[in-house]
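Reading through the structure tokens given below for one structure.
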Amino acid sequence: MTRFRLLLGATLLGASSLAAPMIAAPAAAAAIDSSDPSRFIETLSTQAFQTLHTGSKASARGQFRTLLGQYFAVDEIGDRLIRRWRPQISPAQYQAYKAALPGFLIGTYADRLYDYANAQVKVTRAAQNANGAAVMSQVIQPGQSPINAIWTVEKVDGGYKVSNLSVSGINLVLTQTADFDGYVQKNGFDKLVAFMKSRSS
């Protein structure tokens, strides 16, 4: 799991909408090209890595939160992660989970991106389908072997959003779902939400 999270840190956020406050970042929004899936991933990843050089970690986290809310299908991803438990939890528990998820994603993965500040994402090809595309890419870090990543993107309101990510053959949604399932089985759903809040940025 540690290796998975390190690999994911190289690609998540480019580059995890749930109701969460977003910090405005007009420059980031303007830089994303949604004209086709390949350009979407190329520009999203470039913009995200550029935020690592623009100021403090707090500032970068704010920009990552904006990218997450605008360009990742967090509502859909979040529901898939707790699909097993959704019929069993109350509306209040569900709302608490929704509120905690964006901060959990940022808190868990954003700091790891600093280890990849000099990396680049190179799109190799895209396989389009009726709902979006699978975009194949490599994360290239100087002096290291490339990391293969496949982005699942869906068409949303004339653009694209990331709905899943596989890194070196490890599927983000399936792996995080298994983590959440194991945690809930052992500790209960409320403890999962509390844990997520503790990891929040």
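The values are calculated or read from the model by the stated rules, or taken from the named source; none is laboratory data. From a predicted model like this one, the values you see are computed outputs, not experimental measurements. Note that each Cβ is placed from the backbone with ideal geometry, even for glycine, and that neighbours are counted across all protein chains shown.
For Ile150, the criteria (1) in contact with a helix residue (DSSP H, G or I) (Cβ under 8 Å, 6 or more places away or on another chain); (2) part of a strand (DSSP E or B) hold in every case but one, which is (1).
Residue-level analysis places Asp179 outside the set of residues that are of a type in the set (Asp, Glu) and over 18 Å from Ile77 (Cβ atoms). Scanning region 67-89 for residues that are surrounded by 20 or more Cβ atoms within 10 Å (Cβ to Cβ) and in contact with a helix residue (DSSP H, G or I) (Cβ under 9 Å, 6 or more places away or on another chain) gives Leu67, Leu68, Tyr71, Phe72, Val74, Ile77, Gly78, Leu81, Ile82. Scanning region 72-101 for residues that are in a loop (DSSP other than H, G, I, E, B) and either closer than 15 Å to Gln185 by Cβ or aliphatic (A, V, I, L, M) (or both) yields a count of 6.
None of Val167, Val135, Val173, Val193 is at pLDDT 95 or above, touching a strand residue (DSSP E or B) at 6+ places or on another chain (Cβ under 8 Å) and surrounded by 15 or more Cβ atoms within 10 Å (Cβ to Cβ) except Val135.
Flag: Val74 does not match the condition of being in contact with a Phe, Trp or Tyr (Cβ under 7 Å, 6 or more places away or on another chain) and either under 17 Å from Leu165 (Cβ atoms) or at pLDDT below 95 (or both).
Matching residues to (1) over 18 Å from the mean Cα position of the chain (by Cα); (2) more than 18 Å from Asn171 (Cα to Cα):
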{"site": "Arg61", "(1), (2)": "no, yes"}
{"site": "Ile77", "(1), (2)": "no, no"}
{"site": "Lys98", "(1), (2)": "no, yes"}
{"site": "Leu105", "(1), (2)": "no, no"}
{"site": "Ala127", "(1), (2)": "yes, no"}
{"site": "Asn131", "(1), (2)": "yes, yes"}
{"site": "Gln144", "(1), (2)": "yes, yes"}
{"site": "Ala149", "(1), (2)": "no, no"}
{"site": "Tyr160", "(1), (2)": "no, yes"}
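Within region 55-70, the residues that satisfy the criterion of being among the hydrophobic types (A, V, I, L, M, F, W, C) and more than 9 Å from Ile106 (Cα to Cα) are Ala58, Ala60, Leu67.
Inside region 176-190, residues that are crowded, with 19+ Cβ neighbours inside 10 Å and either of a type in the set (A, V, I, L, M) or assigned to a loop (DSSP other than H, G, I, E, B) (or both) make up a count of 1.
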